[in-house]
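Below is one structure, written out as structure tokens; the observations come after it.
The values are calculated or read from the model by the stated rules, or taken from the named source; none is laboratory data. No experiment lies behind these values; they were computed from the predicted model shown. Quick reminder, even Gly has a Cβ in these numbers, built from the backbone with ideal geometry, and neighbours come from all protein chains shown. Calculation scope for accessible area: heavy atoms of the full protein, side chains included, ligands and nucleic acids excluded. Shrake-Rupley method; radii C 1.70, N 1.55, O 1.52, S 1.80 Å.
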Amino acid sequence: MHKANRFRRESMCGIVGFLGKKRKTTFLIDKLNLLEYRGYDSAGYAELSEGKIYYSKKVGRIINLKESINEDSEITCAIAHTRWATHGKVTETNSHPHLSKTEEWAIVHNGIIENYEVLKKNLKFSPKSDTDTAVIAERLEELNINTIEDFIKSFDDVSGSFGLAAICKTKKNTIFLGKRKSPLFISQNKEGDFLIASDPICFKDFGTDYYCFEDNEFAEVNENGLTFYNSNLNIIKKRKARLDSLFKSYGKNGYSTFMMKEIFDESEALKNQVAYYKSQKIFEPLNKEFLESFNKVKLIGCGTAYHASEIGAKYFQKILNIDASAEYASEFIYNEPLLDNNKTLFIFVSQSGETADTLGALKIAKKLNSTCICLTNVMYSSLARLGDIVLPVAAGVEVAVASTKAYTCQLSALYMLASHLGNIKNRRNINYFDEIIKLSDKVLKFDKEQLNKLSSFLKDCNECIFIGKDLDFITAKEASLKLKETTYINSSSYPSGELKHGYLALIEEGTRVFAIACEKKLNIKTINSVKEAAARGADVTILTNDEGLKNEENVIYFSEENEFLLPILSIAPIQYLSCKTSLLKGINPDQPRNLAKSVTVE
Ligand code: M6R
């Protein structure tokens, strides 16, 4: 195993902590449940009571942890954690909290301590767990950390990232906290109790506002209150942020999965986004002067957000006639950009705003002195805080690992942005707000029965292919990703014109082909490819706005004249189909195997 991979085991975890008047221990565990969506494979908690640390750790679901705890037990000071492993064994020993040798300290940690092996060499006692976090727990004991100042100083020679919470058996009702690169938040409710979390979603039904830790900030929270420090040991004053009202709608709303609920949120989400952009006059600062400040646009993202970036690049090319391209964040960070001036506008797209690769790319662009727009669904995310201009994707909380409503809202935001700038450049007045509102009424109008039927065939498929041209090819890529991650069916995506250059060799009787043919000028080309595949026995489904094909069997038809908006209409049925097929296969599409919602490591 590579060293880097060993670090990665501790990376996309969830943290919660509580300090306050007596509460049922299950209160904290229920908060941990709100972080389930991030993906995890073990969970644990530790509490401080009468000068002793009590803890429990369990491999598997949070319910295993909950069942290990006496349901009447109560806490006043406790921390808990979900751990998501990518490599190495999922064991109780490797689960958090990690305790020091004499169980003086317990810590939960999200992030990567990059120099943990060096730090470990200096320890007298070698922790049983081979994780980086265990080293930090042991160090706190061996360094005789007593005060918050000692605690902060102990991180001077620690490199890497952390969001962490620590309790010590000699520090009654006290939690020490620290943050570098990994997210950490704290909220105080009106009763004066504190809740700590790695995602403010946990503050739902607790407080109305919260503090967000910035890099290299630390805090001590105890019965006397909360004090923040910087790494120079100075006390700092921080401003509170209001809790996003969108959290109020968090829940499955009667759907069996978050993914299905989020698909059916799409119409509303698109409308909400328009209302938000209008009321907040989001585009007002993006005036003629701004337009003239760049001559190139580079859009950057990962996974689904990369596909949104690719479509966004097409919008900029086609609407503004400007050189625009998209790049995977993970590729961009390792390719020295060939930019000889700062006239490149960067647009970073990320649902979570915490994707490590995207953040890494943003940091490079900032060094180039380029203007960086960040398009994100999470306004308290690192990306939102680091961008020069933040465009909100007002999709509401997206819980399912498979991104759905965030994607359609990303496309709508990018379309509105390009159209707004196009209006300035081309001295026209296209009402993109109205266009999106009209579109939002159509987005869920696909024939569910037709797709339910299709999913019953698809569930037994081993392989399928999505084809399209230009914008439709990008939709094909996103469709293929969605199907793959939710059904584990091996699917590929190809430009339709490429079939005959190789992939056709794989087409045989019964091969499933999905053709996206929504661009009027190019439909005929994709339909030709469909014919080539059908002639070789493929079962083809066509998604199209071609009226001529409207009544044909195996056609999913959309009536929409604006070709830029068709990628929003054509992806929604595939999202639905993927979710249905996933459920038929007995897979939980909210948490596909091996995937996490927010990929906070490179
Ligand atoms: O939070 P981000 O948008 O930055 O996440 C990027 C990708 O990890 C994400 O889109 C991933 O591909 C999804 N699972 C796709 O459904």
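Below are the figures for this structure:
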item: Among beta bridges that DSSP assigns inside the chain, antiparallel share in %, nearest 5; result: 60
item: Within the chain, helix-based [θ] at 222 nm, where runs of 4 or more DSSP H residues each add -39,500 (n - 2.57), nearest 500; result: -10000 deg cm²/dmol
item: Segment 445-588, accessible surface, carbon-and-sulfur percent (1.4 angstrom probe); result: 48
item: Probe 1.4 Å, protein heavy atoms only - accessible area per residue of segment 450-602 in square angstrom; result: 41
item: Whole-percent carbon and sulfur share, accessible surface of segment 195-269, 1.4 Å; result: 41
item: Phi-based couplings in Hz for segment 389-394 (Karplus 6.51, -1.76, 1.60; Gly and Pro marked x); result: 10, 10, 9, x, 9, 7
item: Span-rule helices in the chain, defined as complete DSSP H runs reaching 27 Å or more along the axis (Cα) with Kyte mean at least 1.0; result: 566-584
item: Mean separation of Cα contacts under 8 Å (6+ apart) over length of segment 2-243, as relative contact order %; result: 20
item: Convex hull of Cα atoms in segment 445-588, direction-averaged projection (nm²); result: 7.6
item: Loop-located trypsin sites (Lys or Arg not before Pro) in segment 289-371 whose Cβ has at most 15 other Cβ within 10 Å (DSSP); result: Lys343
item: Computed over segment 244-444: relative contact order in percent, which uses C-alpha pairs under 8 Å that are six or more apart; result: 28
item: Amide H within-cut-off set for Ile53, under 5 Å, with H built and near neighbours excluded; result: none
